[in-house]
Amino acid sequence: MGKFSQRHLLGIKEISVDDIEMVFETADNFKTVINRPIKKVPSLRDLTVANIFFENSTRTRISFELAQKRLSADVVNFSASSSSVSKGETLIDTVKNILAMKVDMVVMRHPAPGACVFLSKHINAQIINAGDGTHEHPTQALLDAFSIREKLGTVKGKKIAIVGDITHSRVALSNIYCLQKLGAEVMVCGPTTLIPKYISSLGVKVEHDLMKALNWCDAANMLRIQLERQDIKYFPSLREYSMLYGLDKQRLDSLNKEILIMHPGPINRGVEITSDVADSKHSIILDQVENGVAIRMAVMFLLAGQQ
């Protein structure tokens, strides 16, 4: 197996297909590790990783932290809301102070698009983007594609529909880049107000009718409506949104085929997806969560191999 081509993981746009395949092969190995009685390996025993989150996150932060501990790294957790950032300290100063404590790798989530790229130019630790504004969320896209590969055997040639709030979603953008690199066809589906105008320039299909999208696809990734990022009203009400774009058992059962149902979480049950769909045999949402730990272990292991 070759070496990972990038020093950081800032986005899917920058990495090659070989890099993605390398992450998947490594994650396959780590998946066997996390399913055995002793779940730890000493791969990152001499490294210190700082998780720096300027935005709220439960699943991504816990997933990264668990991955770091499974690899035997020393972990430092930093939450901006309870730090000097709330007193006006700049991003660079915050991180430089943390690096002065001899941190080797930084996992960062930040509300500003491009924050991780900016940081990578100013500090010498390796950086993993855990979500920057509405820009990218590369490890989520990797674990989503890995989950599709695990269930369908391959991503190449598969039809994947991404449904919901495309405009405010970093998951959608990273998923589009990742799935296209692996040879999948991608369709986005949602109300016109939640699909950005530039999206067709990325070579994806655009559909506004949920049933047409579901009949077309092999897997549907149902995105959450990101009310916290919306400064204006993009649709009349959540009830109306769920009537048009919410996936329920009736819609799922009316399809003449079986499809995979995915969700990056957290789920707004009853809005984009109902409980009976989220908990059904079609749903691979909990597989995505488990695969997230293996994928993040793989990414950190491959980046650490360059040190």
Pairs, please: C-beta under 8 Å, at least 6 apart or cross-chain, first residue more than 12 Å from Gly183 (Cβ to Cβ) and outside the structural domain of Gly131 (by TED's automatic domain parsing) and in region 142-162, second of a type in the set (Lys, Arg) and outside any helix (DSSP H, G or I)? Leu152/Lys158
Picking from Leu119, Leu47, the residue that is in contact with a helix residue (DSSP H, G or I) (Cβ under 8 Å, 6 or more places away or on another chain), under 27 Å from Phe146 (Cβ atoms) and at pLDDT 95 or above would be Leu47
Could you grab me the full set of residues in region 171-196 that are more than 23 Å from Met243 (Cα to Cα) and assigned to a loop (DSSP other than H, G, I, E, B)? Leu182, Gly183, Ala184
Go through region 22-61 residue by residue and tally those that are of a type in the set (A, V, I, L, M) and more than 26 Å from Lys102 (Cβ to Cβ). 6
Single residue of Asn129, Asn175 found to be within 16 Å of Lys13 (Cα to Cα), in the same structural domain as Phe235 (by TED's automatic domain parsing) and touching a helix residue (DSSP H, G or I) at 6+ places or on another chain (Cβ under 7 Å): Asn175
Quick check on my filter: what residues within region 1-23 are assigned to a helix (DSSP H, G or I) and within 18 Å of the chain's Cα centre (by Cα)? Val17, Asp19, Ile20, Glu21, Met22, Val23
Suppose we keep only residues that are of a type outside the set (Val, Ile, Thr) and within 22 Å of Ser147 (Cβ to Cβ) within region 1-13. Which one would you say is surrounded by the fewest Cβ atoms within 10 Å (Cβ to Cβ)? Met1
Within region 24-57, the residues that are in contact with a strand residue (DSSP E or B) (Cβ under 9 Å, 6 or more places away or on another chain) and β-branched (Val, Ile, Thr) are Thr48, Val49, Ile52
Can you tell me which of (1) at pLDDT 90 or above; (2) farther than 28 Å from Gly183 by Cα is the one Phe24 doesn't meet? (2)
Scan of region 178-198 for residues that are closer than 25 Å to Thr154 by Cα and surrounded by fewer than 22 Cβ atoms within 10 Å (Cβ to Cβ), ordered by number: Gln180, Lys181, Leu182, Gly183, Glu185, Met187
Residue check, Glu272 against (1) crowded, with 18+ Cβ neighbours inside 10 Å; (2) closer than 30 Å to Ala73 by Cα, all met but one. Which one? (2)
Check whether at least one residue in region 85-97 is within 30 Å of Gly190 (Cα to Cα) and either aliphatic (A, V, I, L, M) or modelled with pLDDT under 95 (or both), and report yes or no. no
Reported set for region 136-170 where residues are part of a strand (DSSP E or B) and either buried (at least 24 other Cβ atoms within 10 Å of the Cβ) or at pLDDT below 95 (or both) is Glu136, Ile160, Ala161, Ile162, Val163
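The values are calculated or read from the model by the stated rules, or taken from the named source; none is laboratory data. Bear in mind that the values here come from a model prediction, so they are computed numbers and not experimental data. Positions of Cβ are generated from backbone atoms using ideal geometry, with glycine treated the same way; all protein chains shown enter the neighbour counts.
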